Each structure stands twice: as structure tokens, then as C-alpha cells.
Amino acid sequence: DSVNPEAQDGGGTDNANFATPNDGRNPRMQMYLWSSPEPDHQVVINSPISATYPARRAAFSPVITPTGLTGNIVLASDGAGANATDGCEAITTNVSNSIALVDRGNCDFVVKAQNALNAGATALIVANNQGDNPIVMGGTSPSIPAVMIGQTNGERLKSAMTAGTVNLTLQVVPVPNRDSDLDAGVIAH
């Protein structure tokens, strides 16, 4: 039986499937686009220095508009636990109407995000503590714009904050999805 292939199906991303019905009926192969492993956002420091850091948007984060989200950043302190700036406990620093910066580790990303949201932050940046490659932070809530930056860039951002108020913009970086439909094994079907 001939196969009904569906390229760039639109029914999802980062996956594929193959349905094999009884004899006499055509099998169905659905192939989706694959998300790029490249950072899909960036943190652009507007002042007091000029710098751009690659970032990855959290799974629970609402979409950041193409115009971006601009604000002053504050290193969020919870004053307790294994790391006072991990955001794992209620944030005691005034982050109201600001972008909160916390360190990765010691609790789930959604806990950090919820604590930032409860403290009145407009967005959240998590500085990785395990290297310079930002990852997609998992979870389904809360609804707060959130990105991760690399460890070195997190340290650079903290250093810039010691000189005074840092204003930055979270921006989308258009990254094309990858198409697996040109794979030789797929074409052979």
C-alpha cells in the first residue's frame, strides 16, 4: 500500500509518527518541523553599558512581542536557603515593576517564576549555573515573561549592576525551525 506522507504537517513540532492501518488502507506518515537548538531570544543591555546576551524563553513564559519588553533589572534576593539569590523562597528585594534576576538551582523554575510574580516583577531572567548554554525552562505556569541566559553572561550582568541601574530589553530572535522532510530515509518511503 502506498504511504500518505505529510510534510510540515502543522500538527506539532519536534516529532513524527507513522500510522499503519490494516492491509488495503494507506499508512500515514506525519513529519513535523524541529525547533532550532539555537537561542530564540536575547537580552539587550541598553545602559549603563551596551551588550547583547543570547537567551532561551521558558516553556511557561507568554510570548514576548517583537517590540520586546524593556525595564530595569534587579538582583532578586530571598535572603534564605542554599543561595540567597536563587529565588527559591519569597523574594524580599523590591522587584516590583522590574525585571528580576535569579540564579539557577535549588528548586524548580516554576517556583522561581512564581516567587518573582508574587513580588511584583514584570519579567524574570534566570542565570544558568551549569555553563554558558541557556536551556528551555520547563513548566506550564505561572504566566510571567521568563528567559535563561548563560552562566558567564549572568556574571557579566551582575557585574554591570554593581555600577548602578541597568536597563535592558528582552527580545525575540527569529530562528527558523528545521525541516526533517528532506532526510534520505523519509524520501525513500
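Annotations for the structure displayed:
- Chain lengthening between residue 92 and residue 50 when straightened (0.36 nm per residue, less Cα-Cα): 12.2 nm
- Take every pair of alpha-carbon atoms less than 8 Å apart whose residues are at least six positions apart; their mean separation over the length of the chain yields a relative contact order of 27 percent.
- Angle in degrees between helix 151-162 and the longest Cα principal axis of the chain, rounded to the nearest 10: 30 degrees
- Lys/Arg +1, Asp/Glu -1 at C-beta; the stretch 1-136 dipole; positive extreme among 75, 42, 109: 75
- Protection proxy ranking, peptides 117-129, 85-97, 133-145, 154-166, average beta carbon neighbours within 10 Å, highest first: 117-129, 85-97, 133-145, 154-166
- The tail of the calculated P(r) for the stretch 118-170, taken as Cα-Cα distances beyond 13 Å, holds 65 percent of the pairs.
- The Cα trace of the stretch 5-88 gives Rg and Dmax of 21.7, 69 Å, the first to one decimal, the second as a whole number.
- Point-to-point label distance, residue 158-residue 28, nm (Cα→Cβ direction, 7 Å offset): 5.2 nm
- Other-chain or far-sequence residues with amide H under 5 Å of residue 55's (modelled H): 40, 41, 42, 43
- The per residue volume of the convex hull around the alpha-carbon atoms of the stretch 15-143 is 150 Å³.
- Each distinct pair of alpha carbons in the stretch 69-189 adds a 1/r term; the inverse of their mean, the Kirkwood radius, is 15.4 Å.
- Between 0 and 90°, nearest 10: helix 109-118 axis offset from the chain longest Cα axis: 50 degrees
- Of 73, 149, 64, the one that fluctuates the most in a GNM where the chain has Cα springs shorter than 10 Å: 64
- Cα point-scatterer Debye curve for the stretch 64-113, base-10 log of I(q)/I(0) at q = 0.14, 0.28 Å⁻¹: -0.36, -1.02
- Calculated accessible area for the stretch 1-58 comes out at 59 Å² per residue, all protein chains present (probe 1.4 Å; ligands, DNA, RNA ignored).
- Alpha carbon convex hull of the stretch 86-143, volume per residue in cubic angstrom: 73 Å³
The values are calculated or read from the model by the stated rules, or taken from the named source; none is laboratory data. Every value quoted in this text rests on a predicted model; they were computed, and no experiment measured them. When we count neighbours, we look across all protein chains shown, and the Cβ atoms used for this are built from the backbone with ideal geometry, even at glycine. Just so you know, the surface numbers come from the protein's heavy atoms only, side chains and all, with ligands and any DNA or RNA stripped out. Shrake-Rupley method; radii C 1.70, N 1.55, O 1.52, S 1.80 Å.
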